[in-house]
1. Just to verify a result, which residue in region 221-251, among those that are part of a loop (DSSP other than H, G, I, E, B) and open to solvent by less than 50 Å² (accessible area, probe 1.4 Å), is nearest to MET1 (Cα to Cα)?
2. Any residue that is part of a loop (DSSP other than H, G, I, E, B), open to solvent by 60 Å² or more (accessible area, probe 1.4 Å) and of a type outside the set (A, V, I, L, M) - is there at least one of those in region 201-210?
3. Among the strands (runs of 3 or more DSSP E) confined wholly to region 1-99, which include 2 or more residues that are touching a residue at least 40 places away in the same chain (Cβ under 8 Å)?
4. Look at region 180-200 and say how many of its residues are surrounded by fewer than 16 Cβ atoms within 10 Å (Cβ to Cβ) and aliphatic (A, V, I, L, M).
5. Looking only at region 259-277, count how many residues are within 14 Å of VAL24 (Cα to Cα), open to solvent by less than 40 Å² (accessible area, probe 1.4 Å) and part of a helix (DSSP H, G or I).
6. Among the residues in region 188-198, are any farther than 16 Å from VAL81 by Cα and among the hydrophobic types (A, V, I, L, M, F, W, C)?
7. Given (1) in contact with a strand residue (DSSP E or B) (Cβ under 7 Å, 6 or more places away or on another chain); (2) under 22 Å from GLY154 (Cα atoms); (3) surrounded by 14 or more Cβ atoms within 10 Å (Cβ to Cβ), identify the lone condition not met by HIS10.
Amino acid sequence: MLIANPDVFHAEVTIAALRAGAHVLVEKPMCLNLAENDAIIAAERETGKTVQVGTMRRYAPAFIEACRLVRGMDEIRLAKVHDLIGRNSLVLEPTSRVVAADDNPPSVSEALRERAAEGIRAAIGDAPAALGTAYRMMLGLSTHDTSAMREMLGMPQRVLHASQHSGGRFQTAAFDYGDFICQFSTGVDNIPRFDTYLQVYGDDCVLRVDYDTPFVRNLPITLTVTETTDGANKQQKVTHPGWGDAFTEEWRAFHHNVINGERAKTSPQDFRHDLVLFRDMIQLMSGASG
């Protein structure tokens, strides 16, 4: 079962689907806070069904190959996770026919907003509006980035720095990996483009995965490897491992996990790590603005 309704209902619908005997692919964010996350983990354990979270970028062949290469690096000196995009509508409106619901009475829309506010308060407390916006940005966009970062590099030891600007719409952070720092930056503006990548630096090699907008199907997700073997010459190789869509690869993985009874790599337990990072980032942002 695919769950792609408003995210404030993801937790309750996921749990209901599990208890009805369904395997679930739930769009990100899987839920809004740790309490909802733990309830889903308990329901998955209770039912023995599979839950996979829809962070599709992690299923792109270029990303999977980059992770394999990073594991073979002798050392990492620095990493960067960058996600600066234009508003979704800037790409969707010229390229797609989207039928949006316009028949909800105002009372339903208001109840949805209140439900979302309640779920966010459960995660970050009674925070200023800018922090609420920052948290929604983390759930909606940054979970792609932190989730991929964790698969590629592991869970950071701690969040060293986090800040928000422009009412929460732009954010920076620094994740401590002990021997190196991963720099994080994200934001949404009015330029119709997708400036999104992960980059890992060693002494003799730099790996970079570049993503394009997912709203135009089958755009290439590429892996660039820049290296030297003698310290004097630079070699650069750009690979695009086959045409196809990360969403398609995600569904293939879901089918494999269901048929073979395997836990998804983008599982509820995995998503919980993102919520912990977001909580820690909000706490640092709150201290910086206090």
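The values are calculated or read from the model by the stated rules, or taken from the named source; none is laboratory data. Here the structure is a predicted model, which means the values were calculated and not measured. Quick reminder, even Gly has a Cβ in these numbers, built from the backbone with ideal geometry, and neighbours come from all protein chains shown. The protein model used for the area step is the full one, side chains on, heavy atoms only, and it has no ligands, DNA or RNA in it. Shrake-Rupley method; radii C 1.70, N 1.55, O 1.52, S 1.80 Å.
1. To start, the set of residues in region 221-251 that are part of a loop (DSSP other than H, G, I, E, B) comprises 221, 228-234, 240-245.
Still in the list and also open to solvent by less than 50 Å² (accessible area, probe 1.4 Å): 221, 228, 242, 244-245.
On the way: ILE221: 27, THR228: 47, GLY242: 28, GLY244: 22, ASP245: 20 Å.
My answer is ASP245.
2. The answer is yes; a qualifying residue exists.
3. Values: elements: 24-27, 51-54, 78-86.
Result: 51-54, 78-86.
4. Matching residues across region 180-200 total 1.
5. Residues that pass the stated criteria total 1.
6. Scanning region 188-198, I find at least one residue that is farther than 16 Å from VAL81 by Cα and among the hydrophobic types (A, V, I, L, M, F, W, C), so the answer is yes.
7. Result: HIS10 passes all but (2).
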